[in-house]
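Q: My questions all concern the structure below.
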């Protein structure tokens, strides 16, 4: 089973863990990314995640399918939160079930790295004295094939 | 055209209509948008773009009804 979704509701890693695995799986991996209270020495009071919703859902699905095609995993679920988050809230969850731990770790790591590199989502940190969009990464863009 | 995050803040709007002839490249459409002036002029000349929700190069031709989005460097996770 492969599933991916964006949501404005709080993410519940336990409910994702409950969906993972069969008796043949010896590894259940769960990663949750959270909002930190400091960044580059600056006190952070909250974070807003802005998404290009329709495209982000499509790209997140591509990432999940790509991981599930590359490693022999049984289940893979990835969920990303959007909207306003408080410190400590979960912004992203990746869950993987696999027969063995290596493929679970590798598939989970791949999903997170791909999210960082190409999911069209942006973060705006809130401070006591205002807000700022965080620097991001240039996603891989196809080379021009037109003349 | 759709603008997100920093670009939406710079432009003051997340959605803007730009009339261009069919066959115009995305690059020319971005130029036309920047020539509207004001906050639009603060957008980069060569942003990352998505055409119909897929990353695209700036030389892609536009067709009627295409959805063109200007995307700041991404920061999910």
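Q: Pick out the one residue from B:48, B:74 that is modelled with pLDDT of 95 or more, within 10 Å of the chain's Cα centre (by Cα) and under 30 Å from residue A:32 (Cα atoms).
A: Checking each option against the conditions leaves just B:48.
Q: List the strands (runs of 3 or more DSSP E) inside the range A:1-83, counting only whole elements, that have at least 2 residues being away from chain B (no Cβ under 11 Å), in contact (Cβ under 8 Å) with a residue 12 or more places away in the chain and over 15 Å from the mean Cα position of the chain (by Cα).
A: In the range A:1-83, A:27-34 are the strands (runs of 3 or more DSSP E) which contain 2 or more residues that are away from chain B (no Cβ under 11 Å), in contact (Cβ under 8 Å) with a residue 12 or more places away in the chain and over 15 Å from the mean Cα position of the chain (by Cα).
Q: Quick test for you: out of B:10, B:6, B:70, pick the one residue that is more than 9 Å from chain A (Cβ to nearest Cβ), outside any loop (DSSP other than H, G, I, E, B) and touching a strand residue (DSSP E or B) at 6+ places or on another chain (Cβ under 6 Å).
A: Result: B:70 is the single residue among B:10, B:6, B:70 that is more than 9 Å from chain A (Cβ to nearest Cβ), outside any loop (DSSP other than H, G, I, E, B) and touching a strand residue (DSSP E or B) at 6+ places or on another chain (Cβ under 6 Å).
Q: Of the conditions (1) under 21 Å from residue A:134 (Cβ atoms); (2) within 12 Å of the chain's Cα centre (by Cα); (3) surrounded by fewer than 21 Cβ atoms within 10 Å (Cβ to Cβ), residue B:4 satisfies every one except a single condition; which number is it?
A: So the condition that residue B:4 fails would be (3).
Q: Turning to a different aspect of this structure: Residues in the range A:125-139 that are more than 7 Å from chain B (Cβ to nearest Cβ) and either within 19 Å of residue A:34 (Cα to Cα) or free of Cβ contacts under 8 Å to residues at least 24 places away in the same chain (or both): how many?
A: Residues flagged as more than 7 Å from chain B (Cβ to nearest Cβ) and either within 19 Å of residue A:34 (Cα to Cα) or free of Cβ contacts under 8 Å to residues at least 24 places away in the same chain (or both) within the range A:125-139 amount to 7.
Q: From B:76, B:39, which residue is within 10 Å of chain A (Cβ to nearest Cβ) and either assigned to a loop (DSSP other than H, G, I, E, B) or in contact with a helix residue (DSSP H, G or I) (Cβ under 8 Å, 6 or more places away or on another chain) (or both)?
A: Every option except B:76 fails the conditions.
Q: Can you pull out every residue in the range B:13-36 that is under 10 Å from the mean Cα position of the chain (by Cα), in contact (Cβ under 8 Å) with a residue 24 or more places away in the chain and not in a loop (DSSP other than H, G, I, E, B)?
A: Hits for the range B:13-36 are B:26, B:27, B:29, B:30, B:33.
Q: Return yes or no: is residue B:33 away from chain A (no Cβ under 14 Å) and either buried (at least 19 other Cβ atoms within 10 Å of the Cβ) or modelled with pLDDT of 95 or more (or both)?
A: So residue B:33 fits the description; yes.
Q: Looking at (1) facing chain B (nearest Cβ under 9 Å); (2) under 16 Å from the mean Cα position of the chain (by Cα), which one does residue A:90 not meet, given that it meets all the others?
A: That leaves (1) as the condition not met.
Q: Continuing with the same structure: Pull up the range B:51-67, narrow it to residues that are in a loop (DSSP other than H, G, I, E, B) and under 10 Å from the mean Cα position of the chain (by Cα), then point me to the one that is nearest to residue A:82 (Cα to Cα).
A: B:67
Q: Those residues that are within 12 Å of the chain's Cα centre (by Cα) and surrounded by fewer than 17 Cβ atoms within 10 Å (Cβ to Cβ), I need them from the range A:99-115; list them, please.
A: A:109, A:113
The values are calculated or read from the model by the stated rules, or taken from the named source; none is laboratory data. Keep in mind it's a predicted model, so treat the numbers as computed, not measured. Backbone-built Cβ (ideal geometry, glycine too); neighbour counts: all protein chains shown.
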